[in-house]
Amino acid sequence: MTTWKSNRKMYTVVCEMKFISRNKSKKRPLHGMSDLEMLTTSVSQWFRTPQGSEVLETERAITGPIINRLFGYHILQMACDEKYSLIDESPAGQKIVFAPAWRADARSAVADNGELPLASDSIDVVVIHHALDFTDDSHRLLREATRVLRPGGQMLVIGFNPYSHWGIWKIFKRKLNIPWRGRFISKGRLTDWLRLLNLRTDSIEYGLHFLPLKNSWLLKYAQKIERFGSKIKSPLGGAYFLLCVKQLGSMTPIHPKWRPVPASVAGIVASENARIRIH
């Protein structure tokens with residue numbers, strides 16, 4: 001009997017360990033990017049190319065009106081490079097942008113996006129600009145962003161859409177360079193993560209409807225294509241702009257502890273009530 005109980009206890013512990021290991025986020029280094037400083041430099045260089053500049057200009061045009069509607073005193077941007085800010089025109093009083101890795105030309109304080117030097121529930125608005133696409137641990141980064149966001153605060157996530165011509169391009173490029181080395185997390189997968197973190201999706205928009213071409217001569221038609229894609233509200237844009245809200249923690253109601261009434265007392269009370277009704 002003792003042996004059976006000990007075996008059952010050991011089996012329970014093993015099952016719990018397997019459950020924890022399955023649900024624990026794992027680091028998956030980006031293809032060809034073992035160093036954070038190398039990744040930051042590569043993303044920064046890509047944003048300076050004609051293709052990257054067009055992407056940045058388009059994303060600023062889409063996020064500008066969204067961010068202007070988000071009120072609060074503290075706004076935080078989590079990105080791969082602090083030099084390309086999307087929150088400069090925000091009405092928030094204090095704008096916070098950290099450099100994810102040390103560089104000689106860094107303009108901001110250096111902080112790991114997965115371990116921010118900020119208090120919990122201290123930020124009104126968080127903007128994640130492709131940081132989930134270019135990180136070793138997307139779960140950790142998203143949990144950290146949720147931790148610093150106050151209840152009722154809003155989070156804007158900008159990521160590459162795998163179900164688009166940009167996603168198809170990624171398959172054929174075989175992760176040779178930026179941005180094709182990114183994760184391209186789907187909207188459905190992201191919304192599942194957000195739901196687990198008690199974040200409610202408020203709205204979603206799509207952008208980057210133009211083809212991911214490098215030729216500057218062809219990219220001059222990008223804005224015309226972008227306007228057409230936005231007009232028909234196509235969900236096949238190369239990037240999504242997902243706005244969500246951190247919900248308040250659910251409260252568990254406290255029920256009164258009713259004591260059972262003895263049968264004799266219950267009978268007396270019932271008879272008294274009956275007598276009152278009769279008279």
- Against the 2.2 N^0.38 Å rule of thumb, the C-alpha Rg of the range 123-179 sits at a ratio of 1.37
- Note on the structure: Taking a ≥ b ≥ c as the square roots of the Cα gyration tensor eigenvalues, with a/c under 1.5 meaning rounded and otherwise prolate when a/b beats b/c or oblate if not, the range 79-198 comes out oblate
- Show which aspartates and glutamates lie in cross-link reach of K173 when reach means a straight Cα distance below 18 angstrom and same-chain residues fewer than eight apart are skipped. D133
- Query: Which aspartates and glutamates have a Cα less than 19 Å from the Cα of K214, not counting those fewer than 8 places away in the same chain?
  - Reply: E54, E57, E59, E226
- Stokes-Einstein D in µm²/s, Kirkwood radius over Cα pairs - the range 61-107 at 4 °C with 1.567 mPa s viscosity: 113
- Query: Mind checking the log10 I(q)/I(0) for the range 127-225 at q = 0.16 Å⁻¹? Debye, one equal scatterer per Cα, no solvent, two decimals.
  - Reply: -0.77
- With the contact rule set at Cα under 8 Å and sequence spacing of 6 or more, what percent relative contact order holds for the range 36-144? 27
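Readers should treat all values here as calculations from the given coordinates under stated rules, not as data from a laboratory. What you see is a predicted model; the values in this text were computed from it and never measured.
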